[in-house]
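The values are calculated or read from the model by the stated rules, or taken from the named source; none is laboratory data. Since the structure is predicted, the reported quantities are computational estimates derived from the model, not experimental observations. Cβ: placed from backbone, ideal geometry, glycine included. Neighbour counts: every protein chain shown.
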Amino acid sequence: MEYWISLGRDASFVAALSLWLASCAPHDSPSSAAPSASLSYTVRIPAMHEDSVSVALVADNPGKSGMRFLLPFVYSDNPVDSLAGPLVRGLVITDSTGAEITVDTSGRMVGPSRTQELTIPSGAAFPVTISYRVDLDVIFSDSVNGPLSLVFLNGQSGFLPGSHLFMVPAEPSLADIWRTPRTITLSLDLGKTVSAVGVPGNNQIYRNAYELLFVQIALGPELLAQGSGGGQSFAMYGLDNDGQSSAGRLAQARESFSVILDNLVPVWGLLAHDTYPVVYHRTAGGREGAHSFILKYPHQDHDSTLSMVLAHEAIHHVLGVRAGDWDDPWWKEGTTYYLGFTVTSRLGLIPKTKVRELFTRQQIFNETEKALAPSDAYVRCHLYTGRLYNVVYHKGSQIAMLMDYLVRRATGNSVSLDKATASLCARYDGSAFTRNQFIKHFRTYNGCDISPILKRFADRPGNIPDAILTDVFSKLDTLGAFGDIHQL
């Protein structure tokens, strides 16, 4: 019995469901008009030393209306991670004549993080230059583990994410801070002995703060392997090699990524016009970036997981970084988690039995998760600080699985969620979509209505019924969504 798929065909059930289910009211469509202000950042790293990193921001505002900025704090991934104290010192602001400007500052909470907001007065002579040094000691000494452990700089190598470097314009909400259209450029000014990957060249253009904050600057990287897939060349680099990754494991990772790109590039497009960097470090999991991504060195005990992480982070280059959402904070990670596993399962890089277990199991929610729906606004700021993994990654991926079957059934299996989502991301490249635009795109592109799924499962807390998950997985398996149907 098709428990949920009949929602689109049974008008009386849909009417009853709409009275029973609570849904999040979608945002109004954001303005597409780009603001007049322009922002030009330069990161200076003259030497491989933690005291050497500085940033200069030239902000021009032809409207002369003043500007508000948030001092850098830790944005880290899609949530904001808590961190005590601002990350800058030696802050100096000068106007176009070179005169120093006195600015007002006030405390500001963004999600669970406290930072400071500074206001440049409307009477300032623009463009203004904001210069500051990045206080890496604050990051190194913080008690928060996880994402912060990635940030380091020593005499041999370093890793500096944009989330820890850049002061960005202040907006009312985190989604607005991230996705409001901007005119942004970035350049690196490196010392003669400093090498880096992660920024393709100077005057690199970004269309919003989110893209800028996901820049990853890998310093002093060691070239480990090179390859290509789907017409995309890539290079694998190492930072602080842990000595546990053999040449064979690195070669296996290179071959896996080549096969993955053969599958992804025809759907999502090239990741870069030149060589795409993949950076290894002694950290867990992976983190996507604007021009590269970072993940843990390949070890024997997690080879299949490594393949999924390679696919997951590569998909994030488009899904999440280049295109985002306004109303569904589960979408970025939940959808990518599903697609990363399905791609590697189809390619035989991960056992299908593991994929089945992940996508059909009932989640064990923590106390906070029990009251949260994936679409709740709270989720956007507290994914990691609240440990909302089961709501976002696991239940989110199950919602994606339901959408995959709906798309495949509506199109006679000629379109999968991969293609439908790639089309959505292409439509909103450099921006973000609302819930209404999300639904409209699937109706237009795939001829299916995903709104009942979102209302029933994304807008309500709790598990998706086991009977629905097992039934849908089996139906998708017969359609080849996870590879050869005889593998189980």
Among residues of the range 68-86 being closer than 17 Å to residue 130 by Cβ and surrounded by 23 or more Cβ atoms within 10 Å (Cβ to Cβ), the residue modelled with the lowest pLDDT is 73
Here the qualifying pairs (Cβ atoms under 8 Å; residues six or more apart or on different chains; first in the range 128-140 and at pLDDT 80 or above; second assigned to a helix (DSSP H, G or I) and not acidic (Asp, Glu)) come out as 134/164
Legend entry - Qualifying residue in the range 454-472 (condition: over 26 Å from the mean Cα position of the chain (by Cα) and either crowded, with 22+ Cβ neighbours inside 10 Å or at pLDDT below 95 (or both)): yes
Looking for something over 23 Å from the mean Cα position of the chain (by Cα), at pLDDT 95 or above and not β-branched (Val, Ile, Thr) - is there at least one such residue anywhere in the range 157-169? no
Taking the range 273-296 and the residues there that are assigned to a strand (DSSP E or B) and of a type in the set (D, E, K, R), the one that is nearest to residue 323 (Cα to Cα) would be 288
Is it the case that residue 227 is outside the structural domain of residue 129 (by TED's automatic domain parsing), buried (at least 17 other Cβ atoms within 10 Å of the Cβ) and not in a loop (DSSP other than H, G, I, E, B)?
yes
So the helices (runs of 4 or more DSSP H) completely within the range 330-404 holding 3 or more residues that are modelled with pLDDT of 95 or more and more than 15 Å from the chain's Cα centre (by Cα) are 331-346, 352-360
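Collect the residues in the range 256-272 that are in a helix (DSSP H, G or I) and of a type in the set (Gly, Ala, Ser), keeping them in residue-number order.
If the condition is that a residue be in a helix (DSSP H, G or I) and of a type in the set (Gly, Ala, Ser), then 256, 258 are the ones that fit.
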Go through the residues of the range 437-449 one by one and say whether even a single one is more than 27 Å from residue 389 (Cβ to Cβ), free of Cβ contacts under 8 Å to residues at least 40 places away in the same chain and not in a helix (DSSP H, G or I). yes
Scanning the range 334-362 for residues that are closer than 25 Å to residue 175 by Cβ and touching a His at 6+ places or on another chain (Cβ under 9 Å) gives 334, 336, 337, 339, 340
Quiz item: Can we say residue 296 is charged (D, E, K, R) and more than 29 Å from residue 478 (Cβ to Cβ)?
Solution: yes
>> When you check residue 43 against the structure, is it modelled with pLDDT of 85 or more, assigned to a strand (DSSP E or B) and surrounded by 19 or more Cβ atoms within 10 Å (Cβ to Cβ), yes or no?
In response: yes
